[in-house]
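See below for the structure under consideration.
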Number of protein chains: 2
Amino acid sequence: MSEVKKTGGLAGIVAGETKIATVGKEGVGLTYRGYTIEDLAANATFEEVAYLLIHGELPTQTQLDTYKKTLKALRGLPAPLKTVLEQVPKEAHPMDVLRTGCSALGTLEQETSGHDQVAIANRLLATSPSMLLYWFHFAKSGKRIETASNAPSIAAHFLEMLHGKPASDLHVRVMDVSLILYAEHEFNASTFTCRTIASTLADFYSAVTGGIGALRGPLHGGANEAAMELIEKFQTADEAEKALVQMLHDKKLIMGFGHRVYKKADPRSDIIKVWSKKLSDACGDNVLYPVSERVEAVMRREKGMFPNLDFYSASAYRFLGIPTPMFTPIFVISRISGWSAHIFEQRSNNRLIRPTAEYTGPQQRAVVPIGKR
Amino acid sequence: MSEVKKTGGLAGIVAGETKIATVGKEGVGLTYRGYTIEDLAANATFEEVAYLLIHGELPTQTQLDTYKKTLKALRGLPAPLKTVLEQVPKEAHPMDVLRTGCSALGTLEQETSGHDQVAIANRLLATSPSMLLYWFHFAKSGKRIETASNAPSIAAHFLEMLHGKPASDLHVRVMDVSLILYAEHEFNASTFTCRTIASTLADFYSAVTGGIGALRGPLHGGANEAAMELIEKFQTADEAEKALVQMLHDKKLIMGFGHRVYKKADPRSDIIKVWSKKLSDACGDNVLYPVSERVEAVMRREKGMFPNLDFYSASAYRFLGIPTPMFTPIFVISRISGWSAHIFEQRSNNRLIRPTAEYTGPQQRAVVPIGKR
C-alpha cells in the first residue's frame with residue numbers, strides 16, 4: 001500500500017515528450033516555448049502568448065494583427081448554442097456551462113478538414129468568454145447579451161461583457177497578465193486529460209471538454225475559488241492569522257499553497273501578487289490584500305509553504321469585480337491555448353495513452369446462480 | 001525518438017491499483033470482480049453485472065429486483081435536457097450527443113450529498129439510452145418519443161426505443177450479452193480519463209463526460225464502427241479476401257484486430273462471435289457473417305492477428321438493426337457501469353493524477369520586442 005502511495009498519481013512518471021513548456025526545472029521556473037513566464041508577463045500580451053503556444057513562435061506585428069482580427073470575428077454564438085446555454089439553470093457551476101457549451105459547439109461546428117484544429121482552437125478561444133457571460137447574464141436576469149464585440153483583446157472583451165462597459169486600462173492589463181499566467185503548464189491533470197482523449201484520435205472538442213471537466217476539481221483549477229472562500233472570511237489580518245493557525249492545528253487543507261511540481265516557489269505567484277497589490281492600492285482596499293499577505297506569511301512560517309498562482313489570483317479577480325464562481329472558468333479561457341498546443345502535439349506523434357493497473361481484487365470465483373446467493 | 005516510442009502511451013506503466021477487473025493475465029483472460037467474462041456472459045444479465053461492478057458483489061434476487069425497479073424509474077428525461085438534445089443537428093455524431101447530454105444533465109441534476117455518486121451512476125445508466133434515442137428520432141423525423149418505459153431491462157429498453165416496438169427474446173439477449181462484454185476493461189483510455197478527471201475531485205458528470213470523449217476515438221471505442229465500414233463493403237467472402245490482401249499490402253490499418261493488452265486472444269470475441277452466428281442463421285444472412293469469418297481468417301493467416309470484441313460486435317449489431325453510428329454509443333451505455341466503479345474507486349483512495357514530460361523544445365530565450373521580430 002505504501003509502495004503504491006509512493007508511485008500513485010503517476011508522480012514523477014514521464015508520460016511523453018513536449019516542446020511546449022518546462023515546469024519546475026530546479027524546482028522553480030516556468031517557460032513557454034523557451035521564454036520565461038516573467039519575460040512573457042512583462043513584455044507580451046495574451047494573444048501573443050496564445051499564438052506562441054499554438055504556432056510555436058511569437059507573432060510578428062502583421063501576424064498578431066491578423067490573429068486578433070480572426071479571433072474578434074469569432075466571438076458570436078450560434079442560435080442553437082444560445083438555446084442550450086439558456087437551459088442551464090442559474091444554480092449551475094459555470095465550469096459546467098463551459099463544459100456543456102464546448103461539447104454542444106462540437107455538435108454544431110464539427111471538426112472536419114474544412115474546419116480544422118487551428119480553426120477550432122481559435123473559435124474556442126474566442127467563444128469561451130462569450131458562452132460564459134451569455135449564460136451568466138441570462139441566468140441572472142434573463143438578459144440576452146450581444147457577445148459579438150469590437151473590444152481590442154480577449155481580456156477587454158471578457159471584462160466588457162461582464163460589467164456591461166469597457167474596463168480601465170489597468171483592469172484590462174491585469175486580466176491580460178492573468179490569462180498569460182494560466183495559459184500553459186505542461187502535463188498537469190487537465191492537459192494530460194486532453195492528451196489522453198486526443199490519443200484515441202477523438203475530435204478536438206472531446207479533448208477540450210474533458211480538459212474542462214478535469215480543471216473543475218478543487219485539487220486543480222478549483223483552487224483559486226477555494227482560496228477566495230478562505231480569505232474573504234476575514235476582516236483583518238490578525239483575525240486571519242488567528243483562524244489560520246487554528247485551521248492548521250486542526251489539519252485542515254489550505255488551498256492555494258504548494259504545488260506537485262514546484263518545490264521552492266511558484267514563479268507565477270510573485271507576478272500576480274504585484275498586480276493584486278496595484279489593484280488594492282488603486283481601489284483603497286485595506287482588507288483583502290493585507291489578509292492575503294498575512295495568510296501567506298503564516299503559511300510560510302508555520303508550514304514552510306509558498307503561495308501558488310491561485311492564491312493572489314483570488315484577490316486580483318475580486319478587485320476586478322469578478323464573481324468567485326468565474327475564477328476557474330477564466331482559467332479555462334486562458335488554458336484553451338495550452339490545451340490546444342498539447343492536442344496538436346499529441347496528434348503529431350500519437351500513441352494511445354493506456355497504462356495498466358495492479359490488481360488487488362478478489363481471486364477468480366464462479367458465478368453462483370441467483371437463487372443461491 | 002525510438003526510445004520514446006517504446007515508453008510512450010504509458011504502455012506497461014502501472015498507474016494505480018484496482019479491485020475491479022483483470023485484463024490479459026497471461027495474455028488472455030478478462031475477469032470482473034473475480035468472475036470470468038465467459039461465466040458472466042453465460043450466467044448473468046447486464047443489470048447483474050452493472051450491480052457487481054458498482055457494488056462489488058453480484059446482487060441477490062431481492063437486490064436485483066430493487067435495482068431494476070430503480071433504473072426503470074429513472075428513464076425519463078427532464079424538459080430542458082430534451083430542449084438541449086433538440087439543438088443537436090442530425091449530422092452530429094451520436095457520441096457527441098451523449099457527451100453533450102451527460103454534461104447538460106450535470107447542470108440540471110448536480111452532484112450533492114443528496115444526489116450522490118450512486119444515484120448519478122444509476123441515472124446515467126438509465127438515461128443514456130433515452131438521450132441517444134430521443135435525439136435520434138427527433139433529428140431524423142422530428143418525433144418526440146416517450147423514453148419512460150416498462151421494458152424489463154436496459155437492453156430491451158434500448159431496442160424498443162430504437163425500433164418502436166418490443167424486440168424478440170433472442171435480440172434482447174444478444175444486446176444484453178453485448179452490454180456485459182463492453183461493461184469494463186481496467187485502465188483503458190476512457191476509464192483512465194475518468195479516473196484522471198475524478199482525481200482532481202471534479203464532479204461525477206465531468207468524469208463521465210470526459211470518458212465519453214475518449215471513447216469516441218477510432219483507436220478506442222470507435223473501432224467497432226470502423227470494422228463495420230470495412231465488412232459492409234463486400235458482397236462475398238472471396239471479394240473480401242481479395243480486397244483485404246490488397247489493403248494489407250498497402251499497409252492500411254484494419255480496425256477490430258489485435259489489442260494493446262491482450263497478446264494471444266480477446267476472450268470477448270469468441271462470445272460475441274457465437275451470438276453473431278446465431279443472429280446470422282436466424283435471419284438467413286449469407287453475406288455479412290461469411291465475410292466477417294473470411295476477414296478473420298485472412299488476418300490470422302497474413303498478420304497473425306486475432307479479432308477483438310469490436311469485430312464481431314459489428315455484424316451482431318447490424319443483425320439487430322442498429323445503425324452504425326450507434327455502435328460506439330452502445331459502448332458508452334454499457335461502460336458507464338465500469339466507469340462508475342472506477343470513479344468510486346479513484347475517489348476512495350485518491351491522489352491527483354499528474355505525470356511529467358520530457359522537454360525537447362527550444363532552449364531558454366528572450367522575448368524580442370514585436371517591432372523587431
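The values are calculated or read from the model by the stated rules, or taken from the named source; none is laboratory data. These numbers were taken from a predicted model, which means no experiment stands behind them. Here the Cβ is made from the backbone with ideal geometry for all residues, glycine too, and neighbour counts use every protein chain on show. Remember, those area values only see protein heavy atoms, side chains included, never the ligands or the DNA or RNA. Shrake-Rupley method; radii C 1.70, N 1.55, O 1.52, S 1.80 Å.
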Q: Tally the residues that are under 17 Å from A:Asp96 (Cα atoms) and open to solvent by 30 Å² or more (accessible area, probe 1.4 Å), restricting the search to region B:84-115.
A: 6
Q: Go through A:Ser199, A:Ser206, A:Ser178, A:Ser190 for me and flag whichever is among the small types (Gly, Ala, Ser), more than 7 Å from every other protein chain (Cβ to nearest Cβ) and farther than 18 Å from A:Pro323 by Cα.
A: A:Ser190
Q.
Filter region B:329-356 down to the residues that are surrounded by fewer than 24 Cβ atoms within 10 Å (Cβ to Cβ) and in a loop (DSSP other than H, G, I, E, B) and list them by number.
A. B:Asn349, B:Asn350, B:Arg351, B:Leu352
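Which one is farthest from A:Arg33 (Cα to Cα), of the residues in region A:59-71 that are surrounded by fewer than 18 Cβ atoms within 10 Å (Cβ to Cβ) and charged (D, E, K, R)?
Looking only at region A:59-71, we keep the residues that are surrounded by fewer than 18 Cβ atoms within 10 Å (Cβ to Cβ), and these are A:60-63, A:65-66, A:69-70.
Now restrict to residues that are charged (D, E, K, R): A:65, A:69.
Numbers: A:Asp65: 21, A:Lys69: 24 Å.
Filtering first and then ranking leaves A:Lys69.
Before we move on, is B:Lys277 touching a Gly at 6+ places or on another chain (Cβ under 7 Å) and open to solvent by 50 Å² or more (accessible area, probe 1.4 Å)? Give the steps one after another, and end with the answer.
On the way: touching a Gly at 6+ places or on another chain (Cβ under 7 Å): no; open to solvent by 50 Å² or more (accessible area, probe 1.4 Å): yes.
No, not satisfied.
Please specify each residue of region A:357-367 satisfying the condition of being hydrophobic (A, V, I, L, M, F, W, C) and open to solvent by 60 Å² or more (accessible area, probe 1.4 Å).
Step one: filter region A:357-367 for residues hydrophobic (A, V, I, L, M, F, W, C), giving A:357, A:366-367.
Once the filter is applied, which keeps residues that are hydrophobic (A, V, I, L, M, F, W, C) and open to solvent by 60 Å² or more (accessible area, probe 1.4 Å), region A:357-367 yields only A:Ala366.
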Q: Tell me, yes or no, whether region A:20-32 has at least one residue that is open to solvent by 10 Å² or more (accessible area, probe 1.4 Å), more than 8 Å from chain B (Cβ to nearest Cβ) and at pLDDT 95 or above.
A: no
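Would you check if B:Lys252 is of a type outside the set (Val, Ile, Thr) and free of Cβ contacts under 8 Å to residues at least 24 places away in the same chain?
On the way: of a type outside the set (Val, Ile, Thr): yes; free of Cβ contacts under 8 Å to residues at least 24 places away in the same chain: yes.
Here the answer is yes, as B:Lys252 does meet what is asked.
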Q: Scan region A:42-86 residue by residue and report those that are outside any helix (DSSP H, G or I), within 8 Å of chain B (Cβ to nearest Cβ) and under 23 Å from A:Ile343 (Cβ atoms).
A: A:Ala44, A:Leu58, A:Pro59
Q. All but one of (1) in contact (Cβ under 8 Å) with a residue 12 or more places away in the chain; (2) open to solvent by 20 Å² or more (accessible area, probe 1.4 Å); (3) over 27 Å from A:His185 (Cβ atoms) hold for A:Val118; which doesn't?
A. (3)
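Within the group A:Asp96, A:Asp39, which residue is free of Cβ contacts under 8 Å to residues at least 40 places away in the same chain, in a helix (DSSP H, G or I) and more than 28 Å from B:Ala11 (Cα to Cα)?
Just a single option satisfies the conditions, and that option is A:Asp39.
Results for (1) under 28 Å from A:Gly24 (Cα atoms); (2) assigned by TED's automatic domain parsing to the domain that holds A:Ile333; (3) touching a residue at least 24 places away in the same chain (Cβ under 8 Å), shown as yes or no for each residue.
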position: A:Asn122; (1), (2), (3): no, yes, yes
position: A:Pro129; (1), (2), (3): no, yes, yes
position: A:Lys165; (1), (2), (3): no, yes, no
position: A:Ser168; (1), (2), (3): no, yes, no
position: A:Met175; (1), (2), (3): yes, yes, yes
position: A:Arg195; (1), (2), (3): yes, yes, yes
position: A:Ser206; (1), (2), (3): no, yes, yes
